[in-house]
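Asks: Attaching a single structure in structure tokens format; questions to follow.
The values are calculated or read from the model by the stated rules, or taken from the named source; none is laboratory data. Computed from a predicted structure; not experimentally measured. Please note: Cβ atoms are built from the backbone with ideal geometry, for glycine as well, and neighbour counts cover all protein chains shown. Please note that ligands, DNA and RNA were not included when accessible areas were found on the heavy atoms of the full protein model with its side chains. Shrake-Rupley method; radii C 1.70, N 1.55, O 1.52, S 1.80 Å.
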Amino acid sequence: MSDFIVIGGGIAGVSAAARLARHGRVTVIEAEAALGYHSSGRSVSYSHFGIGDSTVRGLTAWSQPFFREQPEDFCETPLARIAPSLYFATEDTIPALETLNAQMTLFTDEIRRISPAEIEALCPVIRTGEGAAVTGILDPTALKLDGDALLQSYARAVRAAGGAILTGRRIAGIERRGELWHVRSHSGEDWSAPVLVNAAGAWADEIAVLAGVRPIGMFPKRRTIIVVDPPAETEVAGWPFVHAAASDFYMLPEAGQLLVSPVDEVDDNPCDAQPEEYDVALAAHQLEQYTTLSVSRIAHRWAGLRSFVADRVPTAGFDGEAPGFFWLVGQGGYGLQTAPAMAAIVENLVTGASWPDGLEALGVLPRQILPDRLFNGSAHRTAT
Ligand SMILES: Cc1cc2nc3c(=O)[nH]c(=O)nc-3n(C[C@H](O)[C@H](O)[C@H](O)COP(=O)(O)OP(=O)(O)OC[C@H]3O[C@@H](n4cnc5c(N)ncnc54)[C@H](O)[C@@H]3O)c2cc1C
């Protein structure tokens, strides 16, 4: 028997398990053969203030020191490096850029406005001038994360504390008997614990149904990435993460290539998400619209699910009706950059400790994170 069972071997489940492992025996159960096979392995692994609402920004701000300073012995390689984030606007999207600027400056005072000439200096392929980028803002504090190192380091911490991480086990049955949750895999193995953490990402509502618990209302949305080669002899490593204020394009360098997204959000079902031809073509089109690059070959492509609850705020807490059933869901497009904060929240809620220090000062309050708001309040099941 374990003290805690965590269903889901993505960043949410494994980071929470690492914190829970300080308090008892944890068993993480993952359906796929490897950790991070779904959303967590398909992220572009960035941490910035240009995404989400103020609660997400607060969780991001709380988490950034973890990445920058990384706990001793947590990971041998750097978890993050500074990689500035550049948001540009065309004439039409200046209001969107102004809004973003106002929201972001609440969390970092280092944001500065940049001219078209500076945009070109930072990323020479961005089209500037009439009909193209006319202004921008630069956040020099943003971080490129090593998503795989983060996930594997959390997994190592679980094992070092005596926890178990089991892959290739898909949970097919869940039952509450007495004080314990009993979970059973497809192949008939079973485990039990008084606390069951549902960190199954896009599948979280399916896990709830298996357990006889009211679903929370997950909305998986597919996002597509294409990888293209930069022009010969072009060194892209120093380019910033470039976003259009219109939220229809982003591009960032990785390992000498460029990752490009049309920032698509297509409704999908929990699945092994695959890129659709339309979204791949849209990514190439947006790249050619916003930059002087032309796409002759797409080196690689992938898609992943960003799964939200109704108000798009990551959610953690015990279910109000099912004792010991703990939700850890709705990390949307910010599950890596908010993982340290969310894992600390899980630890404190599960063990009955007080709200993690520093979160309230960043505007992150329990009522914004606890699942009750989705069952009782107006946010329930309203797709946004
Ligand atoms: C293209 C893209 C770019 C992104 N970029 C960023 C970024 O720059 N920064 C950032 O912070 N976030 C980013 N994200 C979002 C981030 O990837 C997610 O928020 C995060 O990975 C969610 O983690 P998770 O653990 O909840 O889900 P997942 O990683 O999907 O993990 C859930 C796991 O549960 C398992 N599971 C489901 N059902 C069962 C079952 N019955 N039995 C056992 N196991 C089960 C699944 O197999 C899966 O591995 C991006 C996402 C995408 C798709």
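Asks: Jot down the radius of gyration and Dmax of the stretch 189-307, Cα atoms only, both in angstrom.
Replies: Here Rg and the maximum Cα pair distance are 18.6, 58 Å.
Asks: Across the stretch 243-251, in residue order, what do the Karplus-derived ³J(HN,Hα) couplings come to in whole Hz, using 6.51 cos²θ - 1.76 cosθ + 1.60 with θ = phi - 60° and x for Gly and Pro?
Replies: These are the phi-based 3J(HN,Hα) values: 10, 7, 4, 6, 6, 10, 6, 9, 8 Hz.
Asks: Return the single residue from Gly333, Gly358, Gly41 with maximal mean-square fluctuation; model: Gaussian network over the chain, springs between Cα atoms under 10 Å.
Replies: Gly358
Asks: What angle do you read, to the nearest 10 degrees and between 0 and 90, between the alpha-carbon axis of helix 147-160 and the longest principal axis of the chain?
Replies: Computed tilt is about 20 degrees.
Asks: Give me the dipole magnitude in Debye, nearest 20, for the stretch 77-118 about the Cα centre, with unit charges on the beta carbon: positive for Lys and Arg, negative for Asp and Glu.
Replies: The dipole of the stretch 77-118 has a size of about 220 debye.
Asks: In whole angstrom, how long is each semi-axis of the equivalent ellipsoid of the chain, when you take the square root of 5 times every eigenvalue of its Cα gyration tensor and sort them from largest down?
Replies: In descending order the semi-axes read 37, 21, 20 Å.
Asks: Show me the trypsin sites (Lys or Arg not before Pro) within the stretch 140-192 that DSSP assigns to loop and that have at most 16 other Cβ atoms within 10 Å of their Cβ.
Replies: In loop regions of the stretch 140-192 (DSSP not H, G, I, E or B), the sparsely surrounded trypsin sites (Lys or Arg not before Pro) are Arg170.
Asks: Are there any trypsin sites (Lys or Arg not before Pro) in the stretch 276-354 that are in a DSSP loop and have at most 10 other Cβ atoms within 10 Å? List them by number.
Replies: Loop-located and lightly packed - Arg297.
Asks: Counting alpha carbon pairs within less than 8 Å and at least 6 residues apart, what relative contact order, in whole percent, applies to the stretch 160-229?
Replies: 21
Asks: Which residue, Pro340, Gly330, Phe4, has the largest displacement toward the positive end of the dipole of the chain when charges sit on each Cβ (Lys, Arg +1; Asp, Glu -1)?
Replies: Result: Phe4, furthest along the dipole toward the positive end.
Asks: Distance from the Cα centre of the stretch 136-190 to that of the stretch 44-123, in angstrom?
Replies: Cα centres, the stretch 136-190 to the stretch 44-123: 27 Å.
Asks: From the phi of every residue in the stretch 37-50, what ³J(HN,Hα) in whole Hz does the Karplus formula 6.51 cos²θ - 1.76 cosθ + 1.60 yield, where θ is phi - 60° and glycine or proline is x?
Replies: 5, 8, 3, 5, x, 10, 6, 8, 6, 10, 10, 8, 9, x
Asks: So, one more: Run the accessible area of the stretch 167-229 with a 1.4 Å probe and give the carbon-and-sulfur part as a rounded percent.
Replies: On the way: 1200 of 2520 Å².
The computed percentage sits at 48.
Asks: Return one whole number: the accessible area per residue of the chain in Å², for a 1.4 Å probe. Present the calculation step by step, with values, prior to reporting the outcome.
Replies: Working: 15860 Å² over 384 residues.
Per-residue value: 41 Å².
Asks: Separate question: Within the chain, what's the longest stretch lacking chymotrypsin sites (Phe, Trp or Tyr not before Pro) that sit in DSSP loops with no more than 16 other Cβ atoms inside 10 Å? Don't skip to the answer; put the middle values down first.
Replies: On the way: sites that count: Tyr37, Phe74.
The answer is 75-384.
Asks: Next up: Over the chain, what is the relative contact order in whole percent, taking alpha-carbon pairs under 8 Å and six or more residues apart?
Replies: Details: 868 pairs, mean separation 88.7, N = 384.
Computed value for the chain: 23 percent relative contact order.
Asks: Right, next: Need one number: % antiparallel among DSSP beta bridges in the chain, to the nearest 5.
Replies: Once the DSSP bridges in the chain are tallied, antiparallel ones form about 70 percent.
Asks: Kindly write out, for the stretch 71-76 in residue order, the coupling ³J(HN,Hα) from the Karplus curve 6.51 cos²θ - 1.76 cosθ + 1.60 (θ = phi - 60°), rounded to whole Hz, with x marking Gly and Pro.
Replies: x, 4, 6, 6, 8, 6
Asks: Rank Gly363, Gly131, Gly147 by mean-square fluctuation in a GNM of the chain with C-alpha springs under 10 angstrom and give only the top-ranked residue.
Replies: Evaluated over the chain, the most mobile residue of the options is Gly131.
Asks: Below 8 Å between Cα atoms, with a sequence gap of 6+, how large is the relative contact order for the stretch 36-188 in percent?
Replies: Result for the stretch 36-188 is 27 percent.
Asks: Moving to a separate point now. With +1 assigned to the C-beta of every Lys and Arg and -1 to the C-beta of every Asp and Glu, and no other charges, what is the dipole magnitude of the stretch 233-381 about the Cα centre in debye, to the nearest 20?
Replies: Charge dipole of the stretch 233-381: 280 debye, to the nearest 20.
Asks: Where does helix 11-20 land angle-wise versus the long Cα axis of the chain, in degrees 0 to 90, nearest 10?
Replies: Once rounded, one gets 50 degrees.
Asks: Just to be sure I understand: with springs between alpha-carbon atoms less than 10 Å apart, which residue in Ser247, Ser153, Ser45 has the highest mean-square fluctuation in the Gaussian network model of the chain?
Replies: Ser247
Asks: Helix 339-351 against the longest principal axis of the chain: what's the angle in degrees, Cα atoms only, rounded to the nearest 10?
Replies: The angle comes out near 20 degrees.
Asks: Relative to the Cα centre, what is the charge dipole magnitude of the chain, using +1 at the beta carbon of each Lys and Arg, -1 at the beta carbon of each Asp and Glu, and rounding to the nearest 20 debye?
Replies: Numbers: 29 positive and 46 negative charges, 192 e Å.
About 920 debye.
Asks: For the chain, what is the mean residue ellipticity at 222 nm derived from helices alone (per DSSP H run of n ≥ 4: -39500 (n - 2.57); sum divided by total residues; nearest 500 deg cm²/dmol)?
Replies: -8000 deg cm²/dmol
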